[in-house]
Amino acid sequence: MSMHIKTYHKYIFSEILGPFFLGIFGFILVMLIQILYEFSDFIIMRRVSFEVVLKLLYYKIPSLFVFVIPVSLLFAIIFSFGRLMRDGEIFAMRSSGIYFFSLTLTPLLFSILLSLILWFFTYSLIPESNYRSNRLIQKYFFLNPAPIKGENVFFHDEEGRYYYVKKIIENRNVMQNVLVFDTSSSNKYPIIYTAEEAIWNRDSLILKNGVVHHLGDDSFVVWEGKFEEFKINLPQDFMYIFYRDRTPQEMPTNELKKRINVYKKAGISARSYLVEDYLRIAQSIAVPIFALMGFSVILLTGRGGRLWGTAFSIIIAFFYYGFNIIARSFGEYAVFSPFLSAWLPNITLGSLSLGVFIWKVRKW
């Protein structure tokens, strides 16, 4: 009996592999065509070379895996199991003592393997490809991109200095209208620095054209003086506060986690980074959830419902990723917690799929 079960599992796996790779190829091709369509006007008007276009498509491919791998497995399960039901093979297996639940084990194990592969991709490959593709887009497709900047920024370092910056112009490494409360000395009250601007590098912040104020025991200013330049040494990790040349989606996971830790120490909101960190795990876990949804669709539609089920599942897949985009925004704007915003689509889809599966699989 065990030999028969192994043969059935091998057969199910072989049935899934073909449609899965067909789905990978088809979905990637469709999405690359969509990218070309979006940039077609820029390609023609800016006369972007064929080599640059190929580079852009090449860098875009890894980021597509987040969508393509789960949807391709969903398509493969519905396509292959739909055929097995239509041809009566599922019923033949059941008459031999092989129930539907046992047939799902191999695809589910395969989905876990794909989940691990996708997590590995999201660790560094996909962020790096996002970074390179966005740099190409800025360089060749858009002229004079807006400078990256921040306004009304508060943070503190581990030495007891508290900073307020009116404006940060990141592409020039410049801060404007800087106020520093330095409590690192043994004085009763902090030393206050004000400066028209400041320039940062890897390990220091250089204040320019400013005034230093020393407060006495009665909290009145006892001495103040002007300076043209004053250097504040910063802990090495604090360069992450200033160097934000990559968005959260473009950062390798190790840098993302390091930046989260530094922001927390500095008292700066790290919501967008936390959302991205949780989302990378949630997107990987989505692969088994999509597999479970595929089985749920098959159990609901039954024999002859392959085409309808495939269309229905693709609609659900687009709905899922649209839900992901909305939930991410809710997390970044503090409507939901970062964890909930990243996991809510998985929790919703997973609960529905699991409920339908448990309800229907007992009859098979």
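The values are calculated or read from the model by the stated rules, or taken from the named source; none is laboratory data. The shown structure was predicted, so the numbers you read here are calculated from the model rather than taken from an experiment. All Cβ positions, even for glycine, are placed from backbone atoms using ideal geometry, and neighbour counts span all protein chains on display. Just the protein is used for accessible areas: all its heavy atoms, side chains included, with ligands, DNA and RNA removed. Shrake-Rupley method; radii C 1.70, N 1.55, O 1.52, S 1.80 Å.
Filtering the range 327-343 down to residues that are surrounded by fewer than 19 Cβ atoms within 10 Å (Cβ to Cβ) and at pLDDT 90 or above, which residue is nearest to S269 (Cα to Cα)? Taking the candidates together, the pick is S337. Of all residues in the range 175-194, one or more are buried (at least 18 other Cβ atoms within 10 Å of the Cβ), hydroxyl-bearing (S, T, Y) and under 12 Å from E229 (Cα atoms).
Yes or no, residue by residue, for (1) under 20 Å from the mean Cα position of the chain (by Cα); (2) exposed (fewer than 11 other Cβ atoms within 10 Å of the Cβ); (3) charged (D, E, K, R):
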residue: I16; (1), (2), (3): no, no, no
residue: G23; (1), (2), (3): no, no, no
residue: L54; (1), (2), (3): no, yes, no
residue: Y58; (1), (2), (3): yes, no, no
residue: P70; (1), (2), (3): yes, no, no
residue: I77; (1), (2), (3): no, no, no
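From the list F25, F21, F81, which residue is of a type in the set (A, V, I, L, M, F, W, C), assigned to a helix (DSSP H, G or I), at pLDDT 85 or above and touching a helix residue (DSSP H, G or I) at 6+ places or on another chain (Cβ under 7 Å)? The match here is F81. Taking the conditions exactly as written (part of a helix (DSSP H, G or I), buried (at least 18 other Cβ atoms within 10 Å of the Cβ), modelled with pLDDT under 90 and of a type in the set (A, V, I, L, M)), does A286 satisfy them or not? Considered against the rule, which asks whether it is part of a helix (DSSP H, G or I), buried (at least 18 other Cβ atoms within 10 Å of the Cβ), modelled with pLDDT under 90 and of a type in the set (A, V, I, L, M), A286 comes out as no. Applying the condition of being under 24 Å from L64 (Cα atoms), at pLDDT below 75 and small (G, A, S) to the range 289-314 and asking which residue is farthest from the chain's Cα centre (by Cα) yields G309. Quick one: would you say V66 is open to solvent by 10 Å² or more (accessible area, probe 1.4 Å), in contact (Cβ under 8 Å) with a residue 12 or more places away in the chain and under 20 Å from the mean Cα position of the chain (by Cα)? Criteria met by V66. Counting only residues that are in a helix (DSSP H, G or I) and open to solvent by 80 Å² or more (accessible area, probe 1.4 Å), the range 95-122 holds 8 of them.
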